[in-house]
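Asks: Next up is a structure, given as structure tokens.
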Amino acid sequence: MINSGLTKISGKKINNPFMKEKTHRKFRKKCRIIFFSFIIFVLVFVYLTFFSGLFTIKNIKINDLKEVDNLEIENIVKDQINNSKFLFFSEKNLILFNKTKLANSLSPYNFSKIIIKKSLFNTIEMEIEEREVAYILKEGKSYYYLDSDGNIISTYYLCEDEKEETTGDLLTNEGDYEVLEEKVESLDKVINSDNPEINNYEEVQEGQENNCIESIDDFLSDKYLPLMENISSSRLDSDSKYAKINKEYLEFAIKLYNDLGIETDFRAKNFIIDESVDTIKVRLFNDVLVFFSLKDDYNDQIQRFLLLKKEYKDNLKNIEYIDIRYGDKIYYH
């Protein structure tokens, strides 16, 4: 017997339109909550970031520097903070501060390494690695600190009222060692003042204050470093902040400077850079000019010179030059 009051229910799923509408309302409510939460988050973020002062730069930390005044670097950072704009916002904001721009501003100092970090919430930290001074290059009326690779570290110049003393007579080797001696009254007679490579050389460190030298003697005695005096065409490359001096020459010169010592009249006064090939000319403090060869063995040459100095020390004070370049033979005049 079949009960006609019962309806057979199949296994098919029955969609309830009332349940579907309820689900849609919950979804729309959840989307509105998420949307308004996101808007509130963005507004709070924008306020805290750009208007609250939470990220306003207040501290600038720089590791101790030797050749450059820390205050000088700090002022460059402050100038960027106060003068630069990102859209209509200032770079006083730590998040908007442009580290690449600051690194470019410091490029004239030719540091070997610059690391700039932003530390929450208001600090700029800088780790700067300076190049170590190895030589002094004199060109024109300017002096340049160089590192061991010839990179220019800093620039110095003579004050207007400073009268530079000449480094002594310039000797030119000709034929069988006939020496031409020429007196000079000023540096302008040593270097062709019309040479545009020297006189039109722009400051290597734009934005860095050059130092005025009041006393040359004090300046040179401040550091025991080899002094290179260029009397040929300019060796300076303003774009790369580099002095174009042969690496072999620099290494030979520093060894020679150290071996000659710093206490006797036979110590190195300055190295003369001219158009000579494979030759190092060093003037001693007793005004004797000594010629060494870049191609011959350094140890053999310095041993011959030191032996000559030991055996004939008193007789060498009044001569003009000594030439060590030719094997076992030593020429002097």
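Just so it is clear, none of the values below were taken in a lab; they were calculated from the coordinates. Keep in mind that what you see is a predicted model, and the values were worked out from it rather than measured. Reconstructed Cβ throughout: ideal geometry from the backbone, glycine too, with neighbour counts over all protein chains shown.
Asks: Treating the beta-carbon of each Lys and Arg as +1 and of each Asp and Glu as -1, no other charges, what is the dipole magnitude of the stretch 59-129 about its Cα centre, to the nearest 20 debye?
Replies: Magnitude of the dipole: close to 380 debye.
Asks: For the stretch 59-129, calculate the relative contact order in percent as a whole number, restricting contacts to Cα pairs under 8 Å that are 6 or more residues apart.
Replies: Taking the mean separation of contacting Cα pairs over the length of the stretch 59-129, I get 37 percent.
Asks: Continuing with this model, one more query. In the neighborhood of Asp278, defined by Cβ-to-Cβ distances under 11 Å, what is the net charge if each Lys or Arg adds +1 and each Asp or Glu adds -1?
Replies: Value of the local net charge: 0.
Asks: Ratio of alpha-carbon Rg to the 2.2 N^0.38 Å globular estimate for the stretch 50-111, to two decimals, please.
Replies: 1.19
Asks: Also: Mind giving me the FRET efficiency for Asp297 and Ser233? R0 is 30 Å, r the Cβ-Cβ distance, nearest 0.05 is fine.
Replies: The pair Asp297/Ser233 has a calculated efficiency of 0.50.
Asks: Provide the per-residue ³J(HN,Hα) series for the stretch 228-245, in order, calculated from phi with Karplus coefficients 6.51, -1.76, 1.60 and θ = phi - 60°, each as a whole number of Hz, with x at glycine and proline positions.
Replies: 9, 10, 8, 10, 10, 5, 4, 9, 8, 10, 5, 5, 9, 6, 9, 9, 7, 10
Asks: Given H placed 1.01 Å from N in the peptide plane, which residues other than close sequence neighbours of His333 have an amide H under 5 Å from its amide H?
Replies: Amide H neighbours of His333, under 5 Å, 5+ apart: Glu320, Tyr321.
Asks: Amide H to amide H, which residues 5 or more places from Lys61 or on other chains are under 5 Å from it, using H placed in the peptide plane?
Replies: Answer set, sorted by chain and number: Ile124, Glu125, Met126.
Asks: Check Asn270: other-chain or 5+ apart residues with amide H under 5 Å from its amide H, H built from backbone geometry?
Replies: Close amide H contacts, sequence-distant or interchain: Arg283.
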